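The values are calculated or read from the model by the stated rules, or taken from the named source; none is laboratory data. Given the structure is predicted, the values throughout are model-derived calculations rather than measurements. FYI the Cβ positions are ideal-geometry reconstructions off the backbone, even for glycines, and counts take in every protein chain you see.
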Amino acid sequence: MKKNQAKIEYIRGMFGRISSEYDFMNRLMTLGMDISWRRFLISMAHMPENARVLDVGTGTGDIAFEALRLDPTIRMTGVDFTYEMMEVGRKRPDSEKIGWCRADAMELPFADKTFDAVVSGFLVRNVSDVRATFREQMRVIKSGGSVVCLDTSPAPHNILRPVYLFYLRIVIPLLGRLLTGNGDAYRYLTASTINFLAPEVLADIMRDTGFEDVTFKRFMFGNIAVHWGVRP
């Protein structure tokens, strides 16, 4: 098995194992702040009325459900490569308003220029090829449409860095083990956070892919970033 394929299969299995506790752990780890980050992401997508919107790496559909709550006219499609995560989402109220699709973020099964906006939350740090992922999002979005990405950011070099690294390396895996029995999964998730691209680097990749007006905003003392850009 190729190295990238091995990583893909590991991540797919890992998210499958933690799918039933995923939303609860997200609320706990972020002290509930992830809800406001998703709302900000949706606001930066600038979705027109009756927009066709794609949520890549939708998981249990947190972004998709929030977007529909804020604007019931949108037509939402959620894509994820982990069946178990989407099954949790399908049990939530109003899940029939989302078109659920199992697919890889780097091989989206949609025609060119299908969507008015493409959004993702905590996806990009888990893909094996960030550039390929953004190229696919560029391909399926219409001209003038926005791509918005919410993800973690490496801890800034400031006075809070030791505290945050202790939280990531010790506290979160411990909580994961005690509350879900999946300490290994949360060790991976924290390692992927620590080793992820700096926001400036991710913004440059989006520009290199062809997006214009690329910018980002940091949250949670610089440990979370929302990036957005427009297809010309």
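Key figures
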read-out: Options Arg161, Arg125; residue that is more than 22 Å from Met25 (Cβ to Cβ) and either more than 18 Å from the chain's Cα centre (by Cα) or touching a residue at least 24 places away in the same chain (Cβ under 8 Å) (or both); value: Arg161
read-out: Subset of the stretch 207-221 (residues that are assigned to a helix (DSSP H, G or I) and touching a helix residue (DSSP H, G or I) at 6+ places or on another chain (Cβ under 6 Å)); value: Thr209
read-out: Selection status of Gly181, over 24 Å from Arg139 (Cβ atoms), out of contact with any Cys (no Cβ under 6 Å at 6 or more places or on another chain), loosely packed, with under 15 Cβ neighbours inside 10 Å and among the small types (Gly, Ala, Ser); value: yes
read-out: Pairs where the first residue, in the stretch 8-35, is crowded, with 18+ Cβ neighbours inside 10 Å and of a type in the set (Gly, Ala, Ser) and the second is part of a helix (DSSP H, G or I) and at pLDDT 85 or above, C-beta under 6 Å, 6+ apart; value: Ser19/Glu84; Ser19/Met85; Ser19/Val88
read-out: Neighbours by Cβ (under 8 Å, 6+ apart or cross-chain): first from the stretch 209-221, closer than 19 Å to Ser36 by Cα and touching a residue at least 40 places away in the same chain (Cβ under 8 Å); second β-branched (Val, Ile, Thr) and surrounded by 14 or more Cβ atoms within 10 Å (Cβ to Cβ); value: Lys217/Val226; Arg218/Ile224; Phe219/Val226; Met220/Thr30
read-out: From the options Met85, Met76, residue that is among the hydrophobic types (A, V, I, L, M, F, W, C) and free of Cβ contacts under 8 Å to residues at least 24 places away in the same chain; value: Met76
read-out: Any hit, the stretch 34-54, residues being of a type in the set (Gly, Ala, Ser), under 26 Å from Gly183 (Cβ atoms) and touching a Ser or Thr at 6+ places or on another chain (Cβ under 8 Å); value: no
read-out: Of the criteria (1) in a helix (DSSP H, G or I); (2) out of contact with any Leu (no Cβ under 7 Å at 6 or more places or on another chain); (3) of a type outside the set (D, E, K, R), which one Ile42 fails; value: (2)
read-out: Spans of helices (runs of 4 or more DSSP H) in the stretch 81-169 with at least 3 residues in contact with a Lys or Arg (Cβ under 9 Å, 6 or more places away or on another chain), at pLDDT 95 or above and of a type outside the set (Val, Ile, Thr); value: 130-140
read-out: Residue check, Ser128 surrounded by fewer than 21 Cβ atoms within 10 Å (Cβ to Cβ) and among the hydroxyl-bearing types (Ser, Thr, Tyr); value: yes
